[in-house]
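Asker: Structure below; questions to follow.
The values are calculated or read from the model by the stated rules, or taken from the named source; none is laboratory data. Since we're looking at a predicted model, the values are computed, not measured. Please note: Cβ atoms are built from the backbone with ideal geometry, for glycine as well, and neighbour counts cover all protein chains shown. Areas reflect the complete protein model, heavy atoms only, side chains present, ligands, DNA and RNA absent. Shrake-Rupley method; radii C 1.70, N 1.55, O 1.52, S 1.80 Å.
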Amino acid sequence: MNPAIHPQLSLRLPAWRTRFVFALFIGAFAVLLVRALYLQGPQRDFLQREGASRYASRPLVLSAHRGMITDRHGEPVAISTPVESVWTSPGDADLTAYQREQLARLLDMTPSEIKARLANRERDFVYLKRQLPPEQAAKVVKLDLPGVFLQREYRRYYPAGETLSHVVGFTDVDDKGQEGLELAYQDWLAGRPGSRRVIRDRLGRVVEDVASIRAPQEGRDLALSIDLKLQYLAYRELKAAVNLHQAKAGGIVVLDVKTGEVLALANAPTYNPNNRARYNAVRARNRAVTDLFEPGSTLKPFTVAAALEAGAFRPDSFVQTAGGSLTLGPATIRDAHASAVNLTVAQVIQKSSNVGTAKMALALPSQRLWEMFSAAGFGAIPRSGFPGEVGGRLRDYRTWRPIEQATMSYGHGISVSLMQLARAYTIFCNDGELLPVTLVRRDEPVAGMRVISAETAATLRRMMQLVTEPGGTAPRAQVMGYHVAGKTGTAHKLVNGQYAPDRYASSFIGFAPASDPRLLIAVLIDEPSAGQYYGGTVAAPVFSSVMSGALRMLAVPPDAPVILKGPIDEVPEVAEEV
């Protein structure tokens, strides 16, 4: 356009206006700079607090899945199931009285309990309720309460319940082992939790996953030596016997004598590990491993083995037992069934003669007898891997008096656990070798420790076979189709330093097939009070029932005619008492 025609186009703006606008921009930037320096300086702490109130960067724990425990065939006996725990950040949980009442109703709590948990506003994390079932946790989510969140955790579940509780044990609310193998193998099963750093808003929502700090390391599975089918059988028969004889307690151990593995271990009374609210420390005690008792006559085979090994007696040697009594100083030892004739060494075992066993023991140096007991594992922890197992009591032979040497030969003055006694009997099953026992499955054979010769072990097997035949103390231990060997025990219990006349520890320990032992079972009935108390009467039938079922489950070939030696119900009781 021509400026002559449009004079407005020829106008020039004053220079001061350009400078003024430029100065305004410079001033604005200066103000922003001053403001930024102010906020980054004196106001820095205030701004950080305000930011933290709206979001937070914190490590988030990633739970590690606890390893599963199975029986020897892979059947689960302890598994972890996902559950939800309700937690809160008290500073963000501005709940009305009505909201607290709704939440308390869902969590089985009182509104006052909820209010107390929210009282400390400075805490960032407080549990309201741990390990809720998913359906209950879903109801909490629907309430959409500010500052109330869920956290994924795991709860241990035990499918076998009370049947295997004493072996497996249980975990606490933090999934840490508290009893049994859950405690013994805590590091193996637990794994290691991981963590990642996240940014949460004030409602607890993750708005940014910043970094993975450590990946969780899952726990490892554990395969037990237990056979769950045998465990159910053993527990059922033991519980029935304890109820029938109105006993204080009972225990049973089933060993594979070829490997030293514990195939079943049960106690009565027991408890349900899935019900933590009704936990009872007395019922939770694994009596077969942690409790001691005087073994009574079940110790006699070890005394006889020591005498045979020393060459002091032969199996057919006669022992002076006529009259059934032996006086040592002020004390007199008696047989429960006095015999008019002397007994052979084999008959001493068959009839369970206290006098015969004591005389054989007194014919030996005390050190020789002590060495036999010690080599068989008495006085030492069995090292089965169970927490709290005990080693019993075996006094130094240099402190023995003659009467103590005599009574110790038949199981008085010495204390053992049922597990310890079962392990000791493996020397008679394995040609004189003592096997280490385990509650965890073995995939490789283990070497035993020689205690007696193979010849002596075979001799004792034949002697103990007489115990289960007519004329012995335990014909009720017979198993149809199999030769059975074993030994009964009926020991008075110590009460306040004195042997109580009416309290007994009644036991039977045996193995089958006697010709080539595969299984060993030890049974203890503690304080039977229904009238019968001999080990051959109250403990031997449990052995027979469990052994019969176990041999068939494991398809062990029979080694005897499929008949019993005499009508068991009509066999007279052979008295035995120490």
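Asker: Do we find that Tyr410 is buried (at least 24 other Cβ atoms within 10 Å of the Cβ) and within 30 Å of the chain's Cα centre (by Cα) in this structure?
Answerer: On the way: buried (at least 24 other Cβ atoms within 10 Å of the Cβ): yes; within 30 Å of the chain's Cα centre (by Cα): no.
No, not satisfied.
Asker: In addition: Among (1) under 23 Å from Arg423 (Cα atoms); (2) not in a helix (DSSP H, G or I), which single condition is Ser374 missing?
Answerer: (2)
Asker: Further question on the same structure: Just checking: which of the helices (runs of 4 or more DSSP H) contained wholly in region 413-521 hold 2 or more residues that are closer than 24 Å to Ala336 by Cβ, modelled with pLDDT of 95 or more and open to solvent by less than 40 Å² (accessible area, probe 1.4 Å)? Before the answer, list the steps.
Answerer: On the way: elements: 418-424, 426-429, 454-467.
Those helices (runs of 4 or more DSSP H) span 418-424, 454-467.
Asker: Considering each residue of region 13-48, count those that are modelled with pLDDT under 65 and open to solvent by 100 Å² or more (accessible area, probe 1.4 Å), and give that number. Show your work before the answer.
Answerer: Taking region 13-48 and keeping what is modelled with pLDDT under 65, we get 13, 47.
If we keep only those that are open to solvent by 100 Å² or more (accessible area, probe 1.4 Å) too, we end up with 13.
Number of matching residues: 1.
Asker: Being in contact with a Pro (Cβ under 6 Å, 6 or more places away or on another chain) and of a type in the set (Ser, Thr, Tyr) is the filter; apply it to region 49-103 and report the residue that is modelled with the highest pLDDT.
Answerer: Only one residue tops the list, namely Thr70.
Asker: Being surrounded by fewer than 19 Cβ atoms within 10 Å (Cβ to Cβ), under 17 Å from Ala249 (Cα atoms) and modelled with pLDDT of 90 or more is the filter here; which residues of region 264-282 pass it? Spell out how you get there, then give the answer.
Answerer: Taking region 264-282 and keeping what is surrounded by fewer than 19 Cβ atoms within 10 Å (Cβ to Cβ), we get 269, 272, 274-282.
After this cut, where a residue has to be under 17 Å from Ala249 (Cα atoms) as well, the list is 269, 272, 280-282.
Of everything in region 264-282, those that are surrounded by fewer than 19 Cβ atoms within 10 Å (Cβ to Cβ), under 17 Å from Ala249 (Cα atoms) and modelled with pLDDT of 90 or more turn out to be Pro269, Asn272.
Asker: Give the residue, chosen from Val523, Val495, Val546, Val538, that is among the hydrophobic types (A, V, I, L, M, F, W, C), farther than 23 Å from Val348 by Cα and in contact (Cβ under 8 Å) with a residue 12 or more places away in the chain. Full working, then the answer.
Answerer: Working: Val523 fails: farther than 23 Å from Val348 by Cα; Val495 fails: in contact (Cβ under 8 Å) with a residue 12 or more places away in the chain; Val538 fails: farther than 23 Å from Val348 by Cα.
Step by step, each of Val523, Val495, Val546, Val538 is checked, and only Val546 is among the hydrophobic types (A, V, I, L, M, F, W, C), farther than 23 Å from Val348 by Cα and in contact (Cβ under 8 Å) with a residue 12 or more places away in the chain.
Asker: Let me ask something additional. For region 312-344, name all the residues that are touching a residue at least 24 places away in the same chain (Cβ under 8 Å), in contact with a helix residue (DSSP H, G or I) (Cβ under 6 Å, 6 or more places away or on another chain) and under 18 Å from Met463 (Cβ atoms).
Answerer: Phe313, Pro315, Ser317, Val319, Thr321, Leu343
Asker: Take region 526-541 and flag every residue that is within 28 Å of Ala458 (Cα to Cα) and either surrounded by fewer than 24 Cβ atoms within 10 Å (Cβ to Cβ) or of a type in the set (A, V, I, L, M, F, W, C) (or both). Talk me through it step by step, then tell me what you get.
Answerer: Initially, region 526-541 is screened for residues within 28 Å of Ala458 (Cα to Cα), giving 534-541.
Result: Thr537, Val538, Ala539, Ala540, Pro541.
Asker: Taking the condition out of contact with any strand residue (DSSP E or B) (no Cβ under 7 Å at 6 or more places or on another chain), on the phi > 0 side of the Ramachandran plot and not β-branched (Val, Ile, Thr), does Gly432 pass?
Answerer: Working: out of contact with any strand residue (DSSP E or B) (no Cβ under 7 Å at 6 or more places or on another chain): no; on the phi > 0 side of the Ramachandran plot: yes; not β-branched (Val, Ile, Thr): yes.
In short, no.
Asker: Next question, about the same structure. Return the residues of region 201-237 that are assigned to a loop (DSSP other than H, G, I, E, B) and either of a type outside the set (A, V, I, L, M) or at pLDDT below 95 (or both); say none if nothing qualifies.
Answerer: Arg202, Leu203, Gly204, Arg205, Ala215, Pro216, Glu218, Gly219, Arg220, Asp221, Ser225, Asp227 - these are the residues of region 201-237 that are assigned to a loop (DSSP other than H, G, I, E, B) and either of a type outside the set (A, V, I, L, M) or at pLDDT below 95 (or both).
Asker: Also, quick follow-up: I'd like the full set of residues that are closer than 16 Å to Lys176 by Cβ, open to solvent by less than 50 Å² (accessible area, probe 1.4 Å) and outside any strand (DSSP E or B), limited to region 64-86.
Answerer: Ala64, Arg66, Gly67
Asker: Now for a different question. Could you grab me the full set of residues in region 329-360 that are buried (at least 23 other Cβ atoms within 10 Å of the Cβ) and part of a loop (DSSP other than H, G, I, E, B)?
Answerer: Once the filter is applied, which keeps residues that are buried (at least 23 other Cβ atoms within 10 Å of the Cβ) and part of a loop (DSSP other than H, G, I, E, B), region 329-360 yields Asp335, Ser352, Ser353.
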